[in-house]
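Q: Quick one: the structure is below, and I'll ask about it shortly.
The values are calculated or read from the model by the stated rules, or taken from the named source; none is laboratory data. This structure is a prediction, so every number in the text was calculated from the model and none was measured. Methodologically, a virtual Cβ is constructed for each residue, glycine included, from the backbone with ideal geometry; neighbour enumeration extends over all protein chains shown. Each accessible area value is taken on the protein alone, full model and side chains, heavy atoms only, with ligands, DNA and RNA left out. Shrake-Rupley method; radii C 1.70, N 1.55, O 1.52, S 1.80 Å.
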Amino acid sequence: MCERRHAREFLSEVLGWPVRSEPSDALQAARNDMRVMAEWLEQTFTSWLAAEARRGPLLVVLDDLHWADEASLRYVDAALD
């Protein structure tokens, strides 16, 4: 699968946005296994953030971090590594 499509699909999942096209086999499989979904979402978020950082200086604002859910905290932690 094209890396961009993969990223777009899984970032859409993170954001709760509907996928415009038929979901890929990878996304369908991840939807059926929450551990796989969690791994793909974390990897996709981290890859996206790294790509943005390569484009130039990047500022990430974590407002009201004390309200963040555990998955979001894991994503940020993985991105900082």
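Q: Output the peptides 12-24, 50-62 sorted from most to least packed, where packing is the average of other Cβ atoms within 10 Å over each peptide's residues.
A: Going by the mean number of other Cβ atoms within 10 Å, highest first, we get 12-24, 50-62.
Q: For the Cα atoms of the chain, what angle does the longest principal axis make with the long axis of helix 3-15, in degrees from 0 to 90, nearest 10?
A: The angle comes out near 70 degrees.
Q: Calculate, for residue 52 and residue 24, the FRET efficiency according to 1/(1 + (r/R0)^6) with r their C-beta to C-beta distance and R0 22 Å; round to the nearest 0.05.
A: Result of the calculation: an efficiency of 0.45.
Q: Could you state the accessible area per residue of the chain in Å², with a 1.4 Å probe and every protein chain left in place?
A: Spelled out: the 1.4 Å probe surface of the chain, per residue, equals 80 Å².
Q: Computing the accessible area with a 1.4 Å probe over protein heavy atoms, can you report the carbon and sulfur percentage for the chain?
A: Taking all protein chains in place, the chain shows 53 percent carbon and sulfur surface.
Q: How would you classify region 12-81 from its alpha-carbon gyration tensor, with a ≥ b ≥ c the square roots of the eigenvalues: rounded for a/c under 1.5, else prolate if a/b is greater than b/c, otherwise oblate?
A: Prolate.
Q: Work out the length of the dipole vector of the chain about its Cα centre, built from +1 on the beta-carbon of each Lys and Arg and -1 on the beta-carbon of each Asp and Glu, and round it to the nearest 20 debye.
A: 400
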